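Taking it in order: structure first as structure tokens, then the write-up.
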């Protein structure tokens, strides 16, 4: 899926801070606003685009989601031009993804986007090419990196990526055990989070009750 380049729309580098984003928007808005452009439809269309870019890039939550999608698209584009799949290139791409995921905010990350990207990165075609090398050590390195990248996925999502990665070495008991441990940890983490929510609600209710009783 292609996404708009909001930074290019605002004539900025991707590293531009919020202050520069606001300056660029004000400058372009003065040129393209319908009141200034005489209701030129092309200017109006451009104004709508820069307004959308500004609203996304100045909202922390929307910006983080956008930057994730932008990274996925850029990396996927690079990968599509790659003709040779080797253990070395796959390890490099796996570690790059791992480093990227480590920088994400667990509570605002796009888990479905991450899962989709990982399923594409470790597609049947690419895994088949990897198996041809029969490089057990590289396979283990890739699997370990996958597990670290997938640690924020929900249990159902984790099962999908684990099912795909099993195809890398169907008869490897070490990889099978690592994936089983990963799924078990994912389920336990999800259960702890659910219990934490209920516990927080219960404590809140008890505090409210105590406040009510002491105020009578």
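All of the numbers you see were taken from the coordinates with simple rules; none came from a lab. Nothing here was measured: the structure is a model prediction, and the numbers come from that model. Using ideal geometry, Cβ is built from the backbone for each residue, glycine included, and neighbour counts are taken over all protein chains shown.
A few comments on the model shown:
- Rounded to the nearest 0.05, the FRET efficiency derived from the C-beta distance between residue 64 and residue 13 at R0 = 22 Å is 0.75.
- Shape summary of the range 1-58, radius of gyration then Dmax from alpha carbon positions: 11.4, 35 Å.
- Relative packing of peptides 158-164, 130-136, 5-11 - highest average C-beta neighbours within 10 Å first: 158-164, 5-11, 130-136
- Projecting the alpha carbon convex hull of the range 61-188 along each direction and taking the average yields 7.3 nm².
- Hydrodynamic radius of the chain per Kirkwood, over alpha carbon pairs, in Å: 20.8 Å
- Residues of the range 129-156 with amide N under 18 Å of a point placed 7 Å along Cα→Cβ from residue 173: 136-137, 140
- Relative contact order %, the range 28-103, counting alpha carbon pairs below 8 Å whose residues are six or more apart: 15 percent
- Modelled spin-label separation between residue 45 and residue 84, with each label point placed 7 Å from Cα along the Cα-to-Cβ direction: 4.4 nm.
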